[in-house]
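Note sheet for the following structure.
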Amino acid sequence: MRAFVQNLALFASLSSAVAMAALAEDLEDPGLEQLAVESYVNNFRVGVEEATRRVRLQDRAAGIEDRIEALLGEQFAGVWFDHDDRGRIKIGITRAAVPRSGEVQRIVAEFGLGDDAQLVSVRHTVAELDRSKRAIREFLLDMMRIGHVDLGYDTRSNQVIVTTLALLPSYEEARIRALAGKIEITIRRVDTPTLGGELVSCTIGTCDPPLRGGRALDRCTGGFIARHRVNTSHLLMLTAGHCLMPGYDVPWYAKNENLTDLMIGPSYGYVFGLGSDAGAIFIDPIRWWYSPTPVAKVVVESSLFTTYNPNYKIQHDSTSTIGKIVCYSGSITKTKCGVISALGVDYYIDGALFLNMGEMTLPSCPGLGDSGSPIYKINRGYGLLVSRHSWSDGQVDKCLGRYQGIRGAENQLNVDILLSP
């Protein structure tokens, strides 16, 4: 009898996992999923059928990184998708975290991942990688300021990534070589005159209320709708912080479908150059955009694969995972998808220091007007697009989009993004 009850419980658990997996795979907008698959094919040179399977696996696993980080705490060593191993999800486990491996496996089972997930032994936790990166930043800060070095980390390689120019002055080259032998550091060389990149700002677009993210403003692109944590009656439109810098702190407008500029409200606050790049626009209750109430949705712009969908729900905020395909909606380049290629990225642009940004490899560079674009996938908000940088690895020209993580933006601005039921 006991064996029967145990088998019944196991069957119920497996059935629940299968149902969860099927539900996750059916949640995504079909056109956006097709665009994500195209991005996967272009990035990793696999067939459409295999790319579709891998992207659906990523959809199924959405949110697992938060669960595992909450379980492991300081011993969290990252989660990544391994494109050299059939797109499987890998979960870093340090020696200190081994006793909790069974609990991690139970989370894997809850997500219905089965053999598509694997626990991998690693040396460094994410916290340790971040500490190493900060020490390197102090050592190379002068080179960062002049665009000769960027920093980040890669959970897949379990290393800090030091990106630097292919050609450096001899005295700078000596400093880079001093780091090259350290076990937790990878040196990445790029053929470009500077690593600074460009901030992305300024353009137009149309959409009637209710106000939502992923749409053009009179300057930049609106990201997500948020509510202030203290002044809870205040609804806000998030965008890039550099869009709201002094000189841009005038009222903000957006065009309706009759091409009429209508005021949203004034700038509410921003952070820029103190490690972050995020800002908020006050949605004034006496203005046209306040009613009907702004919604937790973004606009999926039309593309070769996607149809115009102004009602794409945002149901969670989320941390980022190396190797994950994510998309953004920008007022200039519309909806594009790319792959998250680095986390914890530190760099300088125009004398301003940015810390712990995300980085995504894109098929083409965002336009000057895409700043603030929401980054999202499988109904989760991941961040706000803030800058672009084109470079070459000596064989292929690439474009990197850098973004402010959404949770960092929420904490810096003391807001929470609205979430759809």
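Computed from the coordinates by the stated procedures, all read-outs in this text should not be read as laboratory data. Predicted, not measured: the structure shown is a model, and the values here were computed from it. In this analysis, Cβ positions are derived from the backbone assuming ideal geometry, glycine residues included, and neighbour counts consider all displayed protein chains.
Could you give each residue of region 86-98 its phi-based ³J(HN,Hα) in whole Hz, using Karplus coefficients 6.51, -1.76, 1.60 with θ = phi - 60°, and x for Gly or Pro?
6, x, 5, 8, 10, 10, x, 10, 7, 4, 5, 8, 3
Using the Karplus curve 6.51 cos²θ - 1.76 cosθ + 1.60 with θ = phi - 60°, what ³J(HN,Hα) values do you get for each residue of region 399-412, in whole Hz, with x for Gly and Pro?
Once rounded to whole Hz, the list reads 10, 10, x, 9, 9, 7, x, 5, 5, x, 5, 4, 5, 5.
Could you give the length gained by full extension between E103 and A70, i.e. 0.36 nm per residue of separation minus their alpha carbon distance, to one decimal place? Walk me through the numbers on the way to the answer.
Numbers: separation 33, 0.36 × 33 = 11.88 nm, distance 1.16 nm.
Contour length minus the Cα-Cα distance gives 10.7 nm.
Sorted by average packing, counted as other Cβ atoms within 10 angstrom per residue and highest first, what order do 154-167, 74-87 take? Walk me through the numbers before you get to the answer.
Numbers: 154-167: 20.6, 74-87: 18.7.
In decreasing order of mean packing, 154-167, 74-87 become 154-167, 74-87.
Using a Gaussian network model of the chain with C-alpha springs under 10 Å, which one of P169, P210, P30 is most mobile by mean-square fluctuation?
P169
For the chain, with only Lys/Arg (+1) and Asp/Glu (-1) charged at the beta-carbon, what is the dipole magnitude about the Cα centre, in debye rounded to 20? Before the final figure, lay out the partial values.
Values: 43 positive and 48 negative charges, 127 e Å.
Dipole size: approximately 600 debye.
Find how much the distance from V250 to V230 grows on full extension, using 0.36 nm per residue of separation minus their present alpha carbon separation; answer in nm with one decimal.
Length gained between V250 and V230: 4.8 nm.
I'd like to know which of I93, A254, H148 lies farthest towards the positive end of the charge dipole of the chain, counting +1 on Cβ of Lys and Arg and -1 on Cβ of Asp and Glu.
I93
Going toward the positive end of the dipole of region 196-421, with +1 on Lys and Arg Cβ and -1 on Asp and Glu Cβ, which of G323, S371, T333 do you reach last?
So the residue furthest toward the plus end is G323.
Report for the chain the percent antiparallel among DSSP-assigned beta bridges with both residues inside it, nearest 5. Kindly include the intermediate steps, with their values, before the conclusion.
On the way: 71 of 89 bridges.
Counting only bridges with both partners in the chain, antiparallel ones make up about 80 percent.
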